[in-house]
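The values are calculated or read from the model by the stated rules, or taken from the named source; none is laboratory data. It should be emphasised that the depicted structure is a prediction, and the values quoted were computed from it without experimental measurement. Backbone-built Cβ (ideal geometry, glycine too); neighbour counts: all protein chains shown.
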């Protein structure tokens, strides 16, 4: 079903997706080369939200707990295997560009990755319509429904959509 040496599938996760679905094991696929990427800026945004008492405080704290042990392994060259999952996690170093918003850092990282790894299929998971428009304009797949809560089923369907495109290459 898949090519002999599959193209890497790299999915960047936005903060709003992690608030809804922080358990990385929920991002399941049978595809053999899936990497989930969470920028340090996203982790910082989660930390800020977790300190709040608003509607996002509790989900942010839950997401932080889920990701805490994985974050300590940042910089592992081959990715961090996600226990019980079918993917690895990558937490790259900060981008180092002054005055760049978290959203723009996310878009920039996905775009640079797509330019750098021509064989890879790069996607971004977000519910934010503005971010989705930016990455779609740059030719990056953004398959999640906008403005809707991310469920395990939605994540699985989005991954299936991406992988179907890879396996038909």
Review point. Does residue 122 meet the test of being at negative phi, touching a helix residue (DSSP H, G or I) at 6+ places or on another chain (Cβ under 6 Å) and part of a loop (DSSP other than H, G, I, E, B)?
Key: no
Check your understanding: Quick check: anything in region 162-169 out of contact with any strand residue (DSSP E or B) (no Cβ under 6 Å at 6 or more places or on another chain), under 15 Å from residue 15 (Cα atoms) and surrounded by 15 or more Cβ atoms within 10 Å (Cβ to Cβ)?
Key -> no
Exercise for review: Test residue 81 against the stated conditions and say whether it is more than 15 Å from the chain's Cα centre (by Cα), at pLDDT below 85 and within 24 Å of residue 8 (Cβ to Cβ).
Suggested key: no
Review point. Which of the following residues is more than 19 Å from residue 43 (Cβ to Cβ), surrounded by fewer than 15 Cβ atoms within 10 Å (Cβ to Cβ), modelled with pLDDT of 90 or more and out of contact with any helix residue (DSSP H, G or I) (no Cβ under 6 Å at 6 or more places or on another chain): 159, 136?
Key: 136
Check your understanding: Any idea how many residues of region 27-64 are over 30 Å from residue 120 (Cβ atoms), surrounded by fewer than 16 Cβ atoms within 10 Å (Cβ to Cβ) and in contact (Cβ under 8 Å) with a residue 24 or more places away in the chain?
Key -> 0
Check your understanding: If you check residue 43 against the conditions, is it modelled with pLDDT of 90 or more, outside any loop (DSSP other than H, G, I, E, B) and in contact with a helix residue (DSSP H, G or I) (Cβ under 8 Å, 6 or more places away or on another chain)?
Key -> yes
Revision key, fill the gap. The one condition residue 130 fails out of (1) surrounded by fewer than 17 Cβ atoms within 10 Å (Cβ to Cβ); (2) in contact with a strand residue (DSSP E or B) (Cβ under 6 Å, 6 or more places away or on another chain) is (2)
Review point. Taking region 141-154, which residues are buried (at least 20 other Cβ atoms within 10 Å of the Cβ) and either assigned to a loop (DSSP other than H, G, I, E, B) or at pLDDT 95 or above (or both)?
Key: 142, 144, 150
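Conditions tested, residue by residue: (1) under 12 Å from residue 35 (Cα atoms); (2) under 14 Å from the mean Cα position of the chain (by Cα); (3) free of Cβ contacts under 8 Å to residues at least 40 places away in the same chain.
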position: 90; (1), (2), (3): yes, yes, no
position: 93; (1), (2), (3): no, no, no
position: 97; (1), (2), (3): no, no, yes
position: 100; (1), (2), (3): no, no, yes
position: 110; (1), (2), (3): no, yes, no
position: 120; (1), (2), (3): yes, no, no
position: 125; (1), (2), (3): no, yes, no
position: 132; (1), (2), (3): no, yes, yes
position: 137; (1), (2), (3): no, no, yes
